[in-house]
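Everything below concerns the one structure shown next.
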Amino acid sequence: MPKAAFTTLGCKVNQYETQKILESFEDAGFEVVPFDAVADVYVVNTCSVTGQAESKSRYTVRKAMRTNPEAKIVVTGCAAQMELNIAEGEPGFGSRSAGQGGRESSRADDGRLMDCADVIVPNPVKLETLEHLLKSFPQFKNPDAGKMPAARRANGRTRATLKIQDGCSVFCSYCSIPYTRPAMVSRPWEEVLDEAQILAESGYQEAILTGVLIGAYGPESGSGGPGFEDLVTLLAEKSGLARLRISSIEMHQVTPPIIDLVKNGCVVPHFHIPLQSGDDQVLEDMNRRYRQRDFLDLCGHLYREIPDLSLTTDVMVGFPTETPERFESSVKVLEEARFLKAHVFRFSPRPGTPADQWGDPVTPQEKQARAKRLSEISERTGREHVRHFVGRTMEVLIEGKIGRDGMLEGLTENWITVKLAGSPDLARTIQWVRIDEERDGVAFGELTTTPNTTGISLTAAL
């Protein structure tokens, strides 16, 4: 039985797609092994969102080559698609198409992904990775391989990723994703509901709804009828899942119907809304369609409307037109929005994007200093946010793992990490936990059977 290993870089959409590719290999008779084990095939699902992500993608491919020099290396994902765009002369980029890579011609450690791979699979046909491998290397075909049933065990995990949409048409000036995932596609609603029901039957308690531009889900791109709000309502009523979470959503897509779905309990009280910058001029240069006041007004409205809400975000530092004064605008927003968590990342030029024309004038040292300052603010506001729930009893989805301290770990509906003492048998169950204290942004508590919602008012504290 041939062995295959898989790894993912980047977003939850990539994670979902890797899982589907892995399942297709299992169905074809492959044994799935850890990525650091010796395998016959290594599949690397790459990311191009930053220069660092591309570097990690190349490093990961080289690592697989070192683990087993005789293995076949299959590369897909956005970094691979970017290289295909350049090689094929796409407008704004620089020809090799899908199929065999150029590994025979180059194995240099600083080479392109295309020079290290045996098979390159474009993003639009990523879920056909197995077929591309078997076409190039038919020796891996197993005529006796049977198909597994559609329902699969949860393998100890408590949360599943459920992809409902792909593609982005926003064209932020710094972002390569519209070039690597250009087609706007909504999965048919029947297919999404079927998969959600299978997840629930397999033991999952929570599904994270994910997409590249998730709020764009709808009939115009293939849903078969429902828009995003209708799909979420349908999943809440018929999937059998205890929790639905939206992975990331643009602020203009946080509509009154979406807010009502959270207020009505169809979706957990947690939004991840990318900020990117808090400065109006930088937002304009980024081709973002909102301004600082719009973002802060939305945050205030959400906190007033949704009890126990947590907000998380992404924010970039070092954009070419971000002066020290404009950076202070991002500081202001992080202070006022009081995020539970902020993913702070540094600008890096993406070939073919409009922002590439401005170069990269902010020094690495200045980017590091700005990132450190925003991260410190986010860590402080996150700790303050968790403290609002001390004394409260909250529902916690217990993860299937125990930390080094021997305590169980889980997540509240509003994305707060909770540690508690308890039996490992509680893994993958939802339990009432009384929050006793906050330490370094983590809530510590005890199991209880009596709900208590009389904590500090989050709205009043803001």
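Since every read-out is calculated from the coordinates, none of them should be taken as a lab result. Remember, predicted model here, so these are calculated numbers, not experimental data. Don't worry about glycine lacking a Cβ; one is built from the backbone with ideal geometry, like all the others, and counts go over all protein chains shown.
Rounded to the nearest 5, the antiparallel percentage of DSSP beta bridges internal to segment 393-444 is 90%.
With a Förster radius of 30 Å applied to the beta-carbon distance between Glu220 and Glu128, the computed FRET efficiency rounds to 0.75.
Just to be sure I understand: of the beta bridges DSSP finds with both ends in the chain, what percent are antiparallel, rounded to 5? Given both bridge residues lie in the chain, the antiparallel proportion sits at roughly 40 percent.
Selection among Thr233, Pro143, Leu309 by position relative to the dipole of the chain gives Pro143 as farthest towards the positive end (Cβ unit charges, Cα centre).
Modelled spin-label separation between Ala369 and Gln253, with each label point placed 7 Å from Cα along the Cα-to-Cβ direction: 3.7 nm. From helices alone, the chain scores -10000 deg cm²/dmol at 222 nm; the rule is -39500 (n - 2.57) for each run of n ≥ 4 DSSP H residues, then divide by the residue total.
Ranking Tyr217, Leu162, Ser186 by how far each Cα lies toward the positive end of the dipole of segment 159-387 (charges on Cβ) leaves Leu162 at the top. Annotation: aspartates and glutamates with alpha-carbon distance below 14 angstrom to Lys238 (same-chain offsets under eight excluded): Glu190, Glu191, Asp194, Glu195, Glu201, Glu206, Asp230. Would you please name the GluC sites (Glu not before Pro) within segment 7-73 that are DSSP coil residues with at most 11 other C-beta atoms within 10 Å of their C-beta? Here the sparse-neighbourhood loop sites are Glu70.
Between Asp36 and Ser169, how high is the FRET efficiency from 1/(1 + (r/R0)^6) when r is the Cβ-Cβ distance and R₀ = 51 Å? Nearest 0.05. Result of the calculation: an efficiency of 0.85.
Using a 4.7 Å Cβ-Cβ cutoff, the cysteines of the chain lacking any partner cysteine are Cys11, Cys47, Cys78, Cys116, Cys168, Cys266, Cys299. Taking the Cα centre of segment 393-461 as reference, the dipole from Cβ charges on Lys and Arg (+1) and Asp and Glu (-1) amounts to some 100 debye. By the equivalent-ellipsoid construction on the alpha carbon gyration tensor, segment 159-387 comes out with semi-axes of 32, 22, 15 Å, ordered largest to smallest.
Scanning residues 5 or more positions from Val267 or on other chains, those with amide H under 5 Å from its amide H are Val262, with H placed 1.01 Å from N in the peptide plane. When Cα extents along the principal axes in Å is computed from the coordinates, the matching label among [x] 65, 53, 48; [y] 78, 62, 45; [z] 83, 55, 40 is [x]. Under 5 Å from the amide H of Ser310 lie the amide H atoms of His270, Phe271, each residue being 5 or more positions distant or on a separate chain, with H modelled from the backbone and absent for Pro and chain starts. Only lysines eight or more places from Lys332 in sequence, or on another chain, were considered; those with a Cα closer than 16 Å are Lys341, Lys372. Calculated FRET efficiency, Lys63 to Ala421, Cβ-Cβ distance, R0 = 35 Å: about 0.40 to the nearest 0.05. Computed about its Cα centre, the charge dipole of the chain is approximately 720 debye, with only Lys, Arg, Asp and Glu carrying charge at their Cβ. Dipole size of segment 267-378 about its Cα centre, with +1 on Lys/Arg Cβ and -1 on Asp/Glu Cβ: approximately 240 debye, rounded to the nearest 20.
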